[in-house]
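Engineer: Structure below; questions to follow.
The values are calculated or read from the model by the stated rules, or taken from the named source; none is laboratory data. Quick caveat, the model's predicted, so the values are computed rather than measured. Ideal geometry is used to build each Cβ from the backbone, glycine not excepted, and the neighbour counts take in all protein chains shown.
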Amino acid sequence: MQRWIIHVDMDAFFAAVEQRDNPELRGRPVIIGGTGARGVVATASYEARQFGVHSAMSSIEARRRCPQAVFLPANHEKYSGVSHKIVQIFSEFSPLVETLSLDEAFLDVTGMEGLFADPVDIAVKIKERIKAELNLTASAGVAPNKFLAKLASDMKKPDGLVVIRPEEVGAILKNIPVTRLWGVGQVTAKTLGQLGLKTIGEVAQSEPELLAKHCGQLGYVIHQLANGQDDRPVMNECQPKSIGKEITFASDLFGLEALQTELWALVEKVGWRLRRQGLSGKTITVKIRFGSFRTITRSRTLPVAANLDETIYRTAAGALAGVTLNEGVRLLGVTVSGLETGEGQISLFAQNDEKISAVAEAIDKVKEKYGEGAVTRGRSLLSHYR
């Protein structure tokens, strides 16, 4: 049976949602994120992309290229709500849906011919449903595997639909740059270039042993991908490996007390997201980037997985206390990893576990009903970056 995978990628998702909800933004360059001097662009509307603005670009460079753009902070609560509705649409077309992020997913539609004319028909109907029900556009790629489907979805953005059939793979991949192969970044691309391999077609024709000699085990992987081979299944129960939050300060932050205040505000967000997904984690990592751009991480591992703010904070604060703060801090982050399903918990004050859990449950119920920003602990009110 021929395998068919669809990759759906929302078009400039965050910006498109804001333009949909605010008619005054339609047709204008909109940039999500990067609102501060040290911010980074999360998403740029297609109007802004015409000026060369793209995700991960610094806000300073984005403003230089497109000074007339409207800069908005990311509203993750809103985008998550829309994403949930999109995934509900996907689930009506296939039981195998693997979400990669809020704005993209794979669907395995192999063997669905009894319900739909063909895989392309499914992709068309998904795009139509998203447009009709959510007033947003999506681009889709239809192909025999995940690599080809993702490649196809990016070929005719926005609002595109590209199909790569098995007999077309070689011709389509032939002249595409090697940087479009998964796993090939600037370093690997440079290595391949030194071997005279600049296109996927050239990689496909090369010897896998030669690639492995210069690129390690990755050489075998990219040789398979270059030949259109990718056996990875669509996984519809993909648990995140970690949950974290970080903030880049508008100006360098000095002093342990100020950092502890910001750390608590970050922990509140991480703890809430853990509990909302029914997860707990054992390893708490603090990330610090100084004004000189020197970056360090400090981790501590608990004997039992945790998801209560107090436990995460005290563990993270303990890691932070061991750092020498001889210069200002540009960025602070906290991440919980070693995730497990469930609510295993250890507290530094075990006798208060029951009370702490009850408070967390009450706060979570308010957030669930009125939004994440509806309630916060007193210390977070001192943060300037909530």
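Engineer: Would you mention how many residues in the stretch 117-137 are touching a residue at least 24 places away in the same chain (Cβ under 8 Å) and either touching a helix residue (DSSP H, G or I) at 6+ places or on another chain (Cβ under 7 Å) or surrounded by fewer than 13 Cβ atoms within 10 Å (Cβ to Cβ) (or both)?
Structural biologist: Final tally of qualifying residues: 9.
Engineer: So which helices (runs of 4 or more DSSP H) are wholly in the stretch 206-285 and hold at least 1 residues that are surrounded by 13 or more Cβ atoms within 10 Å (Cβ to Cβ), of a type in the set (S, T, N, Q) and touching a residue at least 24 places away in the same chain (Cβ under 8 Å)?
Structural biologist: 256-276
Engineer: Moving to a separate point now. If THR297 satisfies all but one of (1) under 22 Å from LEU279 (Cα atoms); (2) surrounded by fewer than 18 Cβ atoms within 10 Å (Cβ to Cβ); (3) at pLDDT 55 or above; (4) of a type outside the set (Gly, Ala, Ser), what's the number of the condition it fails?
Structural biologist: (1)
Engineer: Residues that are under 24 Å from ARG26 (Cβ atoms), in the same structural domain as GLU18 (by TED's automatic domain parsing) and touching a Ser or Thr at 6+ places or on another chain (Cβ under 6 Å): does the stretch 83-99 have at least one?
Structural biologist: Within the stretch 83-99 (the criterion being under 24 Å from ARG26 (Cβ atoms), in the same structural domain as GLU18 (by TED's automatic domain parsing) and touching a Ser or Thr at 6+ places or on another chain (Cβ under 6 Å)), the answer is no, since none of the residues qualifies.
Engineer: Continuing with this model, one more query. On the basis of being closer than 17 Å to HIS223 by Cβ, at pLDDT 95 or above and surrounded by 14 or more Cβ atoms within 10 Å (Cβ to Cβ), does GLY160 make the cut?
Structural biologist: no
Engineer: Taking the stretch 68-92, which residues are over 16 Å from the mean Cα position of the chain (by Cα) and among the charged types (D, E, K, R)?
Structural biologist: LYS85, GLU92
Engineer: All but one of (1) part of a helix (DSSP H, G or I); (2) surrounded by 13 or more Cβ atoms within 10 Å (Cβ to Cβ); (3) more than 22 Å from the chain's Cα centre (by Cα) hold for LEU197; state the number of the condition that does not hold.
Structural biologist: Condition not satisfied by LEU197: (1).
Engineer: From the list VAL169, VAL162, pick out the single residue that is touching a helix residue (DSSP H, G or I) at 6+ places or on another chain (Cβ under 8 Å) and assigned to a strand (DSSP E or B). So that I can check it myself, show each step before the final result.
Structural biologist: Working: VAL169 fails: assigned to a strand (DSSP E or B).
Criteria check complete, one pass: VAL162.
Engineer: Residues ILE5, ILE60, ILE86, ILE31: which one is of a type in the set (A, V, I, L, M, F, W, C) and at pLDDT below 95?
Structural biologist: Answer to the selection: ILE60.
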